[in-house]
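The block underneath contains the structure these notes are about, expressed in structure tokens.
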Amino acid sequence: MTRNTPVPWLPAPIARVGESVYRAELARRSRRFDAGCGVVTIDRPVISVGNLSVGGTGKTPMVSLIVRWLLDAGLRPVIAMRGYAARAGLSDEAAEYGARFGDDAPVVAQPDRLEGLLRLFAGEAGRGVNVVVLDDGFQHRRIARAFDLVLIDASRDPFLDRCLPAGWLREPVEALSRASAVVLTHTELTSRGNLDLLGKRVASRTGRGPIAEAEHAWKGLLDAGGVERPVTWLRGKRVAVVCAIGHPDAFTRAVERATGVPPAHELVLRDHDPYRPTIIDRIVTMASGCDAIVTTEKDWVKLARAPGNRWPCPVIRPTLELRLARGGEALRDRVLEAAATAPA
């Protein structure tokens, strides 16, 4: 397992000083929340999905899986999220959830999630909503929760990392002590030995090992028109990879596994890039002569705004499946148990 790369935008001595200040403020804030200051309990059970680090750990597919479990159990969940990079009230992930669940699971996407939830509950759209799922909620401690799930990317061991701005952690690993359960994600990217070692490190902070292990897999492919294709369609093809996500390495490695050859071109942008016209022009030029442009569902939400006749080849996005290789039933039972918990 490789050590996470240092944060590139600050010299190391300055980053270490910044980390000390950051951790001191985190500790002060945590003491207040631990004492109940500023924590609000709403009249519906709350299930939080979050992580310790900056960047993607699989929160969106995990939230989607939990929402599907809740819907299958006859419940009506709402997804509450910060709405990062939102335009006209719609963030990248919110648009993805909307496309996936429609009216079955309304989405509240705004910085003040508590205010957004209370507003939803007061209106017609909130009628019948009986459980809240917080997307990226581990650090959002203002709302009390019945279940606090933390995801750890198994290919980026947080025990080898440091807090911002010296590393990529939003909270130190000691914060795992308040998690209800931990799930290791991206397990397909590392070895069994590394998973076992990481599990022991988690247990050293929580008193128990991870409840489940999840791998990210492609179920199939969708083109710009929504036509489904098998993953094997990409085999041997010359592709251009385009993404603006928190953990691009996992995606580009998945593309290479699907094609069997390295991508002809890669364009990796900052997380939540808006894909302005100049970037679209760059993608069109880059993909000339390729068999396909491969991007993510989250990126396609924005790329779809470009006229379809601009693309020099098919734009393909995988449909992602979070497969619980271990502990799936235990995790589902804990989620449904929390959803049935009456708020204090």
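Taken together, the values in this text are just the output of simple stated rules run on the coordinates, not laboratory data. Just so you know, these numbers come straight off a predicted model, no measurement behind them. Cβ coordinates were reconstructed from backbone atoms using ideal geometry, including for glycine residues, and neighbour counts include every protein chain displayed.
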task = Would you mind checking which residues have amide H under 5 Å from SER53's amide H? H placed 1.01 Å from N; only 5 or more apart, or other chain.
result = ARG170
query = In the range 219-320, what % of DSSP beta bridges are antiparallel (nearest 5)?
reply = 35
inquiry  = How big is the range 219-320 along each principal axis, measuring the range of its Cα positions in Å and listing the largest first?
reply    = 31, 28, 23
key: Alpha carbon centroid spacing (whole Å) that separates the range 316-344 from the range 111-162   = 14
query = Whole-Hz Karplus ³J(HN,Hα) for the range 137-146, in order, using 6.51 cos²θ - 1.76 cosθ + 1.60 and θ = phi - 60°, x for Gly and Pro?
reply = x, 5, 8, 8, 8, 5, 9, 5, 9, 8
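Which entries in LYS237/LYS302; LYS59/LYS219; LYS219/LYS298 show an alpha-carbon gap greater than 20 Å? Write out the running numbers ahead of the final one.
Numbers: LYS237/LYS302 24 Å; LYS59/LYS219 18 Å; LYS219/LYS298 16 Å.
Where the Cα-Cα span goes over 20 Å, the pairs concerned are LYS237/LYS302.
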ask   = Which of the helices in the chain, when you take each full DSSP H run, stretch at least 27 Å along the axis at their Cα atoms and have an average Kyte-Doolittle score of 0.0 or higher?
value = none
message = So for each of 277-286, 203-212 I average, over its residues, the number of other beta carbons within 10 Å; can you give me the resulting order with the highest mean first?
response = 203-212, 277-286
